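Data first, discussion second: the structure below is written as C-alpha cells.
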Amino acid sequence: QVQLVESGGGLTQPGGSLRLSCAASGTIYYFNTMAWYRRAPGDDRDLVASITNGGDTNVADSVKGRFTISRDNANNTVYLQMNNLKSEDTGVYYCNLAHRRHLWTSYDNYWGQGTQVTVSS
C-alpha cells in the first residue's frame with residue numbers, strides 16, 4: 001500500500017508563485033511515475049505534469065514555461081513549482097503515483113487527498 005501526503009497549497013495573487021510537495025510512503029516499485037493533476041471548479045481532473053523515476057517529464061501546454069515538476073527519488077517526493085500563476089490555475093491539485101512491480105504487470109494508481117490552490121486578486 002502507498003500513501004501520498006501533499007502540502008504547499010494556498011492563496012496567492014496573479015503573478016505569484018507556489019510550490020507543492022507530495023511525499024510518498026509505503027512499498028514503491030522501481031517502475032513508477034509521479035504526477036500532479038488539477039480539478040478546476042466544474043471541470044474534470046486533468047493532468048498538469050508528470051515525471052518518471054528516470055526523470056522524463058510531461059507538462060501540459062497550459063502551464064508549460066510556468067510550472068516545473070521535479071522529484072527526489074531518495075525521499076520519494078515530487079514537487080511542483082508554479083510561477084506566474086493565473087486565475088485559471090485555481091483548483092484542487094492532486095498528487096498521483098502509478099507503479100508496477102514488473103514491466104509486464106499493470107500499473108497500480110494511488111492518489112493524495114488534494115490541496116487547494118487559489119489564484120485571486
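Before moving on, here are some points about what is shown:
- Formal net charge of residues neighbouring Gly9 (Cβ-Cβ distance under 14 Å; K, R +1; D, E -1): +1
- Under 5 Å between amide hydrogens, built in the peptide plane, is the criterion, and for Gly114 it picks out Glu6, Cys95 among residues at least 5 positions away or on other chains.
- Across the stretch 65-72, rounded Karplus estimates of 3J(HN,Hα) from the backbone phi angles (6.51 cos²θ - 1.76 cosθ + 1.60, θ = phi - 60°) give x, 10, 10, 10, 9, 8, 8, 10 Hz, Gly and Pro being marked x.
- Using the Cβ-Cβ distance between Asn58 and Ser25 with R0 set to 25 Å, the FRET efficiency from 1/(1 + (r/R0)^6) comes to roughly 0.55.
- About the Cα centre, charge dipole magnitude for the chain (Lys/Arg +1, Asp/Glu -1 at Cβ), debye: 140
- Accessible surface for the stretch 21-121, divided over its residues, is 53 Å² per residue with a 1.4 Å probe.
- Nearest-0.05 FRET efficiency for Leu103 and Leu11, computed from C-beta distance (R0 41 Å): 0.45
- The mean sequence distance of close C-alpha pairs (under 8 Å, at least 6 residues apart), as a share of the length of the stretch 13-113, puts its relative contact order at 36 percent.
- Listed values for the stretch 40-47 are Karplus-derived 3J(HN,Hα) couplings in whole Hz (6.51 cos²θ - 1.76 cosθ + 1.60, θ = phi - 60°), namely 7, x, x, 10, 7, 7, 10, 5, and x replaces Gly and Pro.
The values are calculated or read from the model by the stated rules, or taken from the named source; none is laboratory data. Computed from a prediction, not measured in an experiment: that's the story for all the values here. Glycine gets a Cβ as well: all are built from the backbone with ideal geometry, and neighbour counts include every protein chain shown. Note: accessible area is taken over every heavy atom of the protein model, side chains too, but ligands, DNA and RNA are not part of it. Shrake-Rupley method; radii C 1.70, N 1.55, O 1.52, S 1.80 Å.
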